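See below for the structure under consideration.
The values are calculated or read from the model by the stated rules, or taken from the named source; none is laboratory data. For clarity, every value in this text was computed on a predicted model and none was experimentally measured. In this analysis, Cβ positions are derived from the backbone assuming ideal geometry, glycine residues included, and neighbour counts consider all displayed protein chains.
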């Protein structure tokens, strides 16, 4: 029920934070504008324990099996996966472009790293997104302070380690103010 | 304060625990 705090059932392993799943789908024809983007995004589950996460995650279609323009987001409870959200307005994201067929594996690994607190950047992490597009898929991880270089570098290095990325993988950092300026995410 | 840290193997091992079904 709305607003009811998600608790950790007895015997289950608590997560450092509660996380909410979101799903958004966009018809490529309609131009991206914040208004309709906000209309298209839906949250569908909040988890507080490792076992609750698996119960929700194991019922979600794998991103690699999605077609068209779809995004899955897993964000800390209370942070909306929108540039304008208070937690995001001074932030940015690391963007990793993946050739088709890799999204599901990398999505699971980046989630496990986030849930397991592997990034060691305090409160900086906001959430992770997998974006399914026609030519390529995109993985991104959002953090709160774009100009906190210590954190953004540590996030990048952790991503390389936990995702076991091929060395030539392109990783770029984009601030949300830049995304708002050119009204494009990537 | 202390942080709750889990490595990837620990999290994957919980996937098939009865509580996660």
- Task: For residues that are under 18 Å from residue A:25 (Cα atoms) and crowded, with 16+ Cβ neighbours inside 10 Å, scanning just segment A:134-171, find the one that is nearest to the other protein chains (Cβ to nearest Cβ).
- Result: A:139
- Note on the structure: All conditions in (1) part of a helix (DSSP H, G or I); (2) in contact with a helix residue (DSSP H, G or I) (Cβ under 8 Å, 6 or more places away or on another chain) are true of residue A:45 except (1)
- Evaluation of residue A:110 against (1) within 14 Å of chain B (Cβ to nearest Cβ); (2) in contact (Cβ under 8 Å) with a residue 60 or more places away in the chain; (3) in a helix (DSSP H, G or I) (one fails), failing number: (2)
- Message: Restricting to chain B, and then to whatever is more than 7 Å from every other protein chain (Cβ to nearest Cβ), more than 14 Å from residue A:116 (Cα to Cα) and not in a helix (DSSP H, G or I), can you tell me which residue is nearest to the chain's Cα centre (by Cα)?
- Response: B:16
- Note on the structure: Over segment A:108-133, the set of residues within 16 Å of residue A:24 (Cα to Cα) and crowded, with 20+ Cβ neighbours inside 10 Å is A:127, A:128, A:129, A:130, A:131, A:132
- Might you let me know whether segment A:116-126 holds any residue that is within 12 Å of chain B (Cβ to nearest Cβ), closer than 21 Å to residue A:54 by Cα, within 12 Å of the chain's Cα centre (by Cα) and not in a strand (DSSP E or B)? no
- Consider residue A:66 against the criteria (1) touching a helix residue (DSSP H, G or I) at 6+ places or on another chain (Cβ under 9 Å); (2) closer than 25 Å to residue A:149 by Cα; (3) buried (at least 17 other Cβ atoms within 10 Å of the Cβ): it satisfies all of them except one. Which criterion is unmet? (2)
- Is there any pair with a first residue in segment A:45-60 that is on the phi > 0 side of the Ramachandran plot and surrounded by fewer than 20 Cβ atoms within 10 Å (Cβ to Cβ) and a second that is part of a helix (DSSP H, G or I) and modelled with pLDDT of 95 or more whose Cβ atoms are under 8 Å apart and which are 6 or more apart or on different chains, and what are they? A:45/A:56
- Message: For the structure I just gave you, tell me whether residue A:61 is more than 14 Å from chain B (Cβ to nearest Cβ) and either assigned to a loop (DSSP other than H, G, I, E, B) or in contact with a helix residue (DSSP H, G or I) (Cβ under 9 Å, 6 or more places away or on another chain) (or both).
- Response: yes
